[in-house]
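Step one of this worksheet: look at the structure below.
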Amino acid sequence: MRLPTAVFPMHPVSLPVLQPPPHARPLAGCLSPSLADELCEGTGQLALLADGARHGVVVDLPQVTTGAAHGMLLHCIGGRRVSLIETLHRSPQGARYARFSPLDDSMLGVDEERALEDEASVLRAMFDSRHARPIQPDDWELLLCTLDEELSILPAHVDPASHPQFVSAARMPDSTIDLGWWLAARLPLSTALRLHLLQLSFALKRTRDLVDVMRLLESPSAEYARARDTGGKFTITWVTAEASGCEVEPPRPVVDWAPRGEMGASRY
């Protein structure tokens, strides 16, 4: 299934079960009642990929009876990462079958493991420092990318906290690898940058990129000057609520790749 944004391991996702309007394309991320029944009664698994992406995650769907699935939400959690090999035929209810290969992290050496833990310590220290200071008007927030107003697949009346694991999944994990996925799903990033993190098979590189993102968010002006001098990888785009010049909310930062030609040497 194609979604407007990326889904990561441990990512709580609720898929609406809605009857599509006649003669209209199905809404992104929504399942028709008949398709939900077919999936839940069949393999019970579904691959979630962002539009145009070849990497995603597999989720296990709950076993729901035909009557119970209609008009409800299918709550699932992002599972193992996969890479699309080829698309195949469709099922009777329109599900697209496909072949995938597992996408696992490469093994790290002793020095790389130590460096990974050091980078994770930096991430945790920056979070502790952020929570210790007062909230600023233009501060950034941790928000699941699937709940962003422009990317959400949930109907307006649905409470995202209805997901059984919504609260538990919001706690910062202890594992270094899990911390990386937790941040990738919640930091204010462009979809292109999220897809980059999702497909990386080198955990140290992924964590270093997240540290660079956090440093940029914590000090945009200083990092902007550094990027101009040394060619930083990332840049901040300030997204406004309106384009008329009469914004009702403060601009919010979104980290994206720096424009081509301005990138310098990376840290790895």
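What is the magnitude of the charge dipole of segment 124-165 about its Cα centre, with +1 placed on the Cβ of each Lys and Arg, -1 on the Cβ of each Asp and Glu, and no other charges, expressed in debye to the nearest 20?
Numbers: 3 positive and 8 negative charges, 58 e Å.
I would put it at about 280 debye.
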### Task
Name the residue farthest towards the positive end of the dipole of segment 110-257 from the options Thr235, Thr207, Ser221, assuming +1 on Cβ of Lys and Arg, -1 on Cβ of Asp and Glu, about the Cα centre.
Thr207
### Query
Listed highest first by mean packing, meaning other Cβ atoms within 10 Å per residue, what order do 145-151, 108-114 come in?
145-151, 108-114
#### Entry: Two-decimal ratio, segment 1-49, of alpha-carbon radius of gyration to 2.2 N^0.38 Å
1.19
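Using the per-residue mean of other Cβ atoms lying within 10 Å as a proxy for protection, in what order, highest first, do the peptides 161-170, 83-92 fall? Before the final figure, lay out each step's value.
Numbers: 161-170: 13.2, 83-92: 11.0.
By packing density, highest mean first, the sequence is 161-170, 83-92.
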### Task
Have a look at Val57, Gln93, Ile77 and report the one farthest towards the positive end of the charge dipole of segment 2-102, computed about the Cα centre with Cβ charges (Lys/Arg +1, Asp/Glu -1).
Val57
#### Entry: Phi to ³J(HN,Hα) by Karplus 6.51 cos²θ - 1.76 cosθ + 1.60 over segment 105-120, Hz, x for Gly, Pro
6, 6, 5, 9, x, 4, 5, 5, 4, 5, 5, 4, 5, 5, 5, 5
### Task
Give the dimensionless ratio obtained when the Cα radius of gyration of segment 2-102 is divided by 2.2 N^0.38 Å.
1.02
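Throughout, read-outs are computed from the coordinates displayed, never taken from laboratory work. Everything numeric here is computed off the predicted structure, so don't read it as measured data. Cβ coordinates were reconstructed from backbone atoms using ideal geometry, including for glycine residues, and neighbour counts include every protein chain displayed.
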